[in-house]
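The values are calculated or read from the model by the stated rules, or taken from the named source; none is laboratory data. Quantities reported herein were computed from a predicted structural model and do not represent experimental measurements. Because the Cβ atoms are built from the backbone with ideal geometry, glycine has one as well, and the counts that use them run over all protein chains shown. Surface areas here come from the heavy atoms of the whole protein model, side chains and all, with no ligands, DNA or RNA. Shrake-Rupley method; radii C 1.70, N 1.55, O 1.52, S 1.80 Å.
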Amino acid sequence: MVAAAILPELATQLVVPVAAAVGIAFAVLQWVLVSKVKVAPEPRGEGGSAAGGGAGAGAKDGASEYLIEEEEGLNDHNIVLKCAEIQTAISEGATSFLFTEYKYAGGFMTVFAVLIFVFLGSIEGFSTKSQPCHYSVGKTCKPALANAAFSTIAFVLGAVTSLVSGFLGMKIATYANARTTLEARKGVGKAFIVAFRSGAVMGFLLAASGLFVLYVAINLFGLYYGDDWEGLFEAITGYGLGGSSMALFGRVGGGIYTKAADVGADLVGKVERNIPEDDPRNPAVIADNVGDNVGDIAGMGSDLFGSYAESSCAALVVASISSFGINREFTPMMYPLLISSVGIIACLITTLFATDFFEVKEVDQIEPALKKQLIISTAVMTVGIALVSWLGLPYTFTIFNFGAQKTVHSWQLFLCVAVGLWAGLVIGFITEYYTSNAYSPVQDVADSCRTGAATNVIFGLALGYKSVIIPIFAIAFSIFLSFSLPAMYGVAVAALGMLSTIATGLAIDAYGPISDNAGGIAEMAGMSHRIRERTDALDAAGNTTAAIGKGFAIGSAALVSLALFGAFVSRAGITTVDVLTPNVFIGLLVGAMLPYWFSAMTMKSVGSAALKMVEEVRRQFNTIPGLMEGTAKPDYATCVKISTDTSIKEMIPPGALVMLTPLIVGTFFGVETLSGVLAGALVSGVQIAISASNTGGAWDNAKKYIEAGASEHAKSLGPKGSDCHKAAVIGDTIGDPLKDTSGPSLNILIKLMAVESLVFAPFFATYGGILFKYL
């Protein structure tokens with residue numbers, strides 16, 4: 001007889017929602033602390049007493065507490081009002097874009113929800129009679145019509161949660177940007193705390209709400225399904241599909257928006273007019289700062305939420321047809337949710353190290369503080385995984401493995417989750433090595449600017465290709481070990497392990513755009529160069545950690561996609577995927593081509609949008625008298641409108657490509673060809689995504705290396721406005737759509753096609769392959 005888990009069902013029913021509630025409460029606490037920084041001028045008397053009373057605190061964070069503006073004789077009252085005005089403009093622009101984007105996303109969600117219901121309901125002719133179970137021979141399961149209805153509900157739940165996550169993230173970021181700028185007057189440590197706490201609000205809200213909604217959906221669906229866990233968890237896969245489909249629009253639409261504004265602002269402002277970044281004279285500067293929030297915050301939040309939902313769904317589907325599901329063992333069945341619950345607590349402890357236990361006092365402590373967050377969260381989570389595996393799993397159990405049940409031990413599952421967790425850290429730090437200007441690869445790219453933009457581009461592309469090697473080995477090792485032990489379930493929980501510290505990962509990711517915006521606000525508000533130096537230091541650390549975050553996202557996407565692929569193959573009744581079969585091989589070729597087609601569409605979209613932006617910025621500089629002199633105000637609203645209209649229009653074709661491919665291939669060519677398409681897209685997409693993200697990141701930081709002039713080598717390449725710097729700006733501009741549009745969106749392409757295939761697998765298995773049936 002198989003031993004039961006130590007943790008009883010009642011305890012599991014409490015642990016998951018309590019962990020989610022703790023995560024949400026912690027996010028609210030961080031928000032309250034951030035809101036104590038007021039974006040309003042203080043009366044002079046209070047300001048003076050605050051300055052005097054805070055001297056001790058100022059010394060603690062490595063800077064005197066009194067305001068720099070007062071020392072330099074600037075008008076503090078006007079500066080604060082200007083910050084508030086800029087913050088409002090950025091917030092309104094971001095909100096307006098997201099509402100427009102969500103209207104289109106809502107229309108798509110409605111149409112696709114109907115498609116799910118019609119396709120899945122038609123399997124048994126919309127019958128309400130119970131059907132034979134697919135895996136449990138001799139047993140009856142709920143009707144296909146019920147699965148269609150609940151899959152549709154799960155899809156809508158996932159989509160709405162994804163949209164809300166992205167929107168809340170954007171609101172938090174636009175709430176915190178000016179507050180970070182204002183705190184920078186008191187020291188870099190104060191500004192760091194505000195930016196990081198704000199990122200933590202987003203991280204914990206998203207991780208906790210995603211877990212809570214999934215937990216509630218499982219329990220509510222369970223009221224109808226009862227003992228039919230096979231049907232229950234098959235329907236739950238719709239949650240992952242909803243999350244990822246909305247993430248696609250967020251990543252592609254937001255990515256096109258932000259890079260159109262960024263490229264337009266840089267090419268005309270920096271290269272042609274030789275004015276600084278975020279100069280208020282640049283008409284595209286507000287659109288550029290809005291873009292940071294809709295692309296890097298809202299899009300990224302939806303993307304990582306989609307990965308979390310899909311990895312959980314893939315693990316639950318496989319578990320439901322293993323001994324956990326067959327024997328109705330609730331606690332082991334909820335193992336993926338228990339991992340996420342412990343992850344929230346581990347990340348909470350980790351966050352305290354940055355905000356309470358140790359304070360950042362100097363500029364050079366910022367980046368190490370962020371990196372320590374990743375290391376500490378990984379170490380704490382390893383202990384948490386061991387605890388969950390000991391309490392939540394029986395020592396011996398069986399896992400479904402392509403038609404057979406494989407005997408597995410609890411320590412093997414612990415190993416899989418831990419390998420995924422640590423592989424994520426390895427990928428993150430390798431990404432940092434290739435994209436941070438503290439190391440030789442980026443410095444070599446910067447040095448290549450001596451001979452112009454062409455050699456900069458050549459060196460940058462070579463760096464991107466080379467940076468693929470070690471991450472692919474890390475992913476391959478994770479897959480080999482995970483699959484060798486508990487089969488596809490091991491791969492699914494390895495992906496979940498990589499995402500288990502999602503709250504900390506998102507906090508660090510969101511910190512970057514918040515700091516970037518803070519620097520932009522400081523420049524536009526006319527604050528002193530010393531404050532801009534502090535915000536630049538925050539932003540530079542954020543750029544590096546953002547690259548690490550992209551590495552995590554790509555690595556987890558690869559594991560999630562493979563886990564979903566395994567679940568799809570099992571559900572479609574395929575025992576082996578034979579590449580020597582023509583049906584499969586043509587699918588492999590087409591699948592490997594799709595990331596290139598998708599990247600071409602997104603890159604051209606950014607180019608088209610940027611072209612319109614460049615023309616508008618040039619027009620304003622040429623036609624508005626006094627704009628270059630700073631006596632006239634640019635028309636920011638027109639640039640915001642160009643970015644909004646173009647990105648909404650341009651996001652539809654790439655989205656249609658991703659969403660329609662599995663439906664067309666599965667229906668007309670069958671499940672074998674579709675399995676080839678999924679495998680090809682996974683293998684090709686991961687490598688292009690890593691290369692594109694790292695190439696763009698390296699060009700960006702090579703430019704910043706020259707601008708900062710922190711070393712003798714960097715000074716020899718500068719200053720700003722030199723031929724070397726202009727070559728670096730061109731490389732950065734080429735890299736913008738690679739690292740912030742095409743690269744990150746490819747994660748969603750490979751995940752979304754896999755989860756969509758899994759949701760529609762029953763339909764494809766029954767009616768798919770229309771063309772081959774008549775050939």
### Query
What order, most packed first, do the peptides 244-251, 651-658 have when packing is the mean number of other Cβ atoms within 10 Å of each residue?
244-251, 651-658
### Accessible surface of the chain, 1.4 Å probe, proportion on carbon and sulfur as whole %
67
### Query
Per-residue ellipticity at 222 nm for the chain, helices alone: DSSP H runs ≥ 4 residues times -39500 (n - 2.57), over residue total, nearest 500 deg cm²/dmol?
-26500 deg cm²/dmol
## Note on the structure
Taking a probe of 1.4 Å and leaving out DNA, RNA and ligands, the chain shows per residue an accessible area in Å² of 34
### Message
From the phi angles alone, apply the Karplus equation (6.51, -1.76, 1.60; θ = phi - 60°) to segment 575-580 and give each ³J(HN,Hα) in whole Hz, x where the residue is Gly or Pro.
### Response
8, 9, 9, 9, 5, 7
### Task
Can you tell me what the convex hull of the Cα atoms of segment 342-385 projects to on average, as an area in nm²?
2.8
### Top positive-direction residue, dipole computed over segment 216-334 with Cβ charges, set M334, P283, G255
P283
### Task
Run down the lysines and flag those whose C-alpha is under 28 Å from the C-alpha of K129, throwing out any fewer than 8 positions away in its chain.
K139, K142
#### Entry: Pair-distance profile P(r), taking every C-alpha pair of segment 281-361, with 10 angstrom steps and integer %
15, 24, 26, 20, 11, 4, 1
### Message
Compute the distance from the alpha-carbon center of segment 170-193 to that of segment 491-569, in whole Å.
### Response
17
### Query
Hey, could you pull the Cα Rg and Dmax for segment 456-526, both in Å?
19.1, 60
### Message
Quick query: amide H of G721 versus all other amide H atoms, modeled in the peptide plane; which residues come in under 5 Å with a sequence gap of 5 or more or a different chain?
### Response
K726
### Query
Which of the aspartates and glutamates could be linked to K751 by a straight reach, that is with a Cα gap under 12 Å, when you skip same-chain ones fewer than 8 residues away?
D303, E310
### Query
Percent relative contact order of segment 259-316, based on C-alpha pairs within less than 8 angstrom and at least six residues apart?
31
### Query
Assigning unit charges at the beta carbon (Lys, Arg +1; Asp, Glu -1) and nothing else, what dipole magnitude in debye, to the nearest 20, does the chain show about its Cα centre?
1160
### Query
Which translational diffusion coefficient, to the nearest whole µm²/s, is obtained for segment 595-645 from the Stokes-Einstein equation, given a Kirkwood hydrodynamic radius over C-alpha pairs, 4 °C and 1.567 mPa s?
104
### Message
Let me check against my output: what whole-number percent is the relative contact order of the chain, with C-alpha pairs under 8 Å and at least 6 apart?
### Response
19
### Query
Across segment 378-386, in residue order, what do the Karplus-derived ³J(HN,Hα) couplings come to in whole Hz, using 6.51 cos²θ - 1.76 cosθ + 1.60 with θ = phi - 60° and x for Gly and Pro?
5, 5, 5, 5, 4, 5, x, 5, 4
### Query
With contacts defined as alpha carbon pairs under 8 Å and 6 or more residues apart, what's the relative contact order of segment 248-364 in percent?
25
#### Entry: Cα point-scatterer Debye curve for segment 104-177, base-10 log of I(q)/I(0) at q = 0.27 Å⁻¹
-1.11
### Message
How charged is the neighbourhood of E629? Take every other residue with its Cβ under 14 Å from the Cβ of E629, and add Lys/Arg as +1 and Asp/Glu as -1.
### Response
+2
### Query
Which entries in K270/K372; K171/K550; K649/K703; K190/K550; K604/K703; K38/K171 show an alpha-carbon gap greater than 25 Å?
K270/K372; K649/K703; K190/K550
### Query
Over the chain, with a single point scatterer placed on each C-alpha, what log10 of the ratio I(q)/I(0) does the Debye formula yield at q = 0.07, 0.09 1/Å?
-0.47, -0.78
### Query
Looking at W411, M246, P471, which one has the Cα that reaches farthest to the positive end of the dipole of the chain (charges on Cβ: Lys, Arg +1; Asp, Glu -1)?
W411
### Computed P(r) (all Cα pairs; segment 575-706; 10 Å bins; percent)
11, 26, 26, 18, 11, 6, 2, 0
### Task
Could you pull out every residue, at least 5 positions away or on a different chain, whose amide H is within less than 5 Å of the one on N401? Hs are placed 1.01 Å off N in the peptide plane, and Pro or chain starts have none.
K406
### Task
Could you run the Karplus curve 6.51 cos²θ - 1.76 cosθ + 1.60 with θ = phi - 60° over segment 219-224 and give me ³J(HN,Hα) per residue in whole Hz, x for Gly and Pro?
5, 5, 4, x, 4, 8
### Helix 453-466 axis, angle to the chain major axis (alpha carbon atoms, nearest 10°)
30
